[in-house]
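*Asks:* What follows is a single structure, and I will ask about it in a moment.
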């Protein structure tokens, strides 16, 4: 079945460091891929998405490229801020968007 | 902005109690979802609904039921709460006619069953 695997955390970085959170997926067909972010005490918010191979999603300085050949959708940011501290979830959805599959989440701690 | 609200942020119940978790969305979305979030397991789908009175089981429906009598409201029911249902419960909605691939989440209800 469809599934998402993402790197375990927590990830601790200093402010302005480069961030990579790895995500790989297993899916039949051509899924859409997402990164959601959960700030402390809040629900999940969509951060970025990509709907087909080679698409790059981007938002708030974060980027991820849909790589079909490696079944990956790694999240990157060139310079993290303390305010980026949150839990990040990779997710996929099939063609009908009635089912979404989420990874286990990666907690990011950014220290000043 | 889409707003998804959940009736309680924190809830403490006793084993065997019947528990109702309420979710309301204000954007006329047809799809609504209930997930539970546990450390190391991410989000797991309990049930989803694609229209009033319509529902489908997700990956972990055992011990839960749902009700969708009105389009804006989706309720999760624990018929007889057990300690292994202690978790964070998240409600979400989406619009299959519009931005179908985006889910909007509520803030969550942290349920503790003693």
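*Asks:* Of the conditions (1) surrounded by fewer than 18 Cβ atoms within 10 Å (Cβ to Cβ); (2) modelled with pLDDT of 95 or more, residue B:96 fails just one. Which one is it?
*Replies:* Failed condition: (2).
*Asks:* In the stretch A:1-59, which strands (runs of 3 or more DSSP E) lie fully inside it and hold 3 or more residues that are within 12 Å of chain B (Cβ to nearest Cβ)?
*Replies:* Because the criterion is at least 3 residues that are within 12 Å of chain B (Cβ to nearest Cβ), the strands (runs of 3 or more DSSP E) in the stretch A:1-59 that meet it are A:3-6, A:32-38, A:44-50.
*Asks:* Next up: Could you say whether any residue in the stretch B:22-41 is without any contact (Cβ under 8 Å) to a residue 12 or more places away in the chain, surrounded by 12 or more Cβ atoms within 10 Å (Cβ to Cβ) and more than 14 Å from the chain's Cα centre (by Cα)?
*Replies:* Yes, the stretch B:22-41 has at least one match.
*Asks:* Give the residues of the stretch A:63-89 that are in a strand (DSSP E or B) and either touching a residue at least 40 places away in the same chain (Cβ under 8 Å) or over 15 Å from residue A:22 (Cα atoms) (or both), sorted by residue number.
*Replies:* A:64, A:72, A:75, A:76, A:77, A:86, A:87, A:88, A:89
*Asks:* Which residue, of A:106, A:51, is touching a residue at least 12 places away in the same chain (Cβ under 8 Å), surrounded by fewer than 17 Cβ atoms within 10 Å (Cβ to Cβ) and under 30 Å from residue B:46 (Cα atoms)?
*Replies:* Residue meeting the stated conditions: A:51.
*Asks:* Within the stretch B:9-30, identify whether any single residue is within 11 Å of another protein chain (Cβ to nearest Cβ) and not in a strand (DSSP E or B), and answer yes or no.
*Replies:* For the stretch B:9-30, residues within 11 Å of another protein chain (Cβ to nearest Cβ) and not in a strand (DSSP E or B): present.
*Asks:* Restricting the search to the stretch B:86-108, which residues are more than 7 Å from chain A (Cβ to nearest Cβ) and more than 12 Å from residue B:29 (Cβ to Cβ)?
*Replies:* B:86, B:87, B:88, B:89
The values are calculated or read from the model by the stated rules, or taken from the named source; none is laboratory data. Just so it is clear, the structure is predicted and the values come from calculations on it, not from any experiment. Note that we place each Cβ from the backbone using ideal geometry, even for glycine, and neighbour counts take in every protein chain shown.
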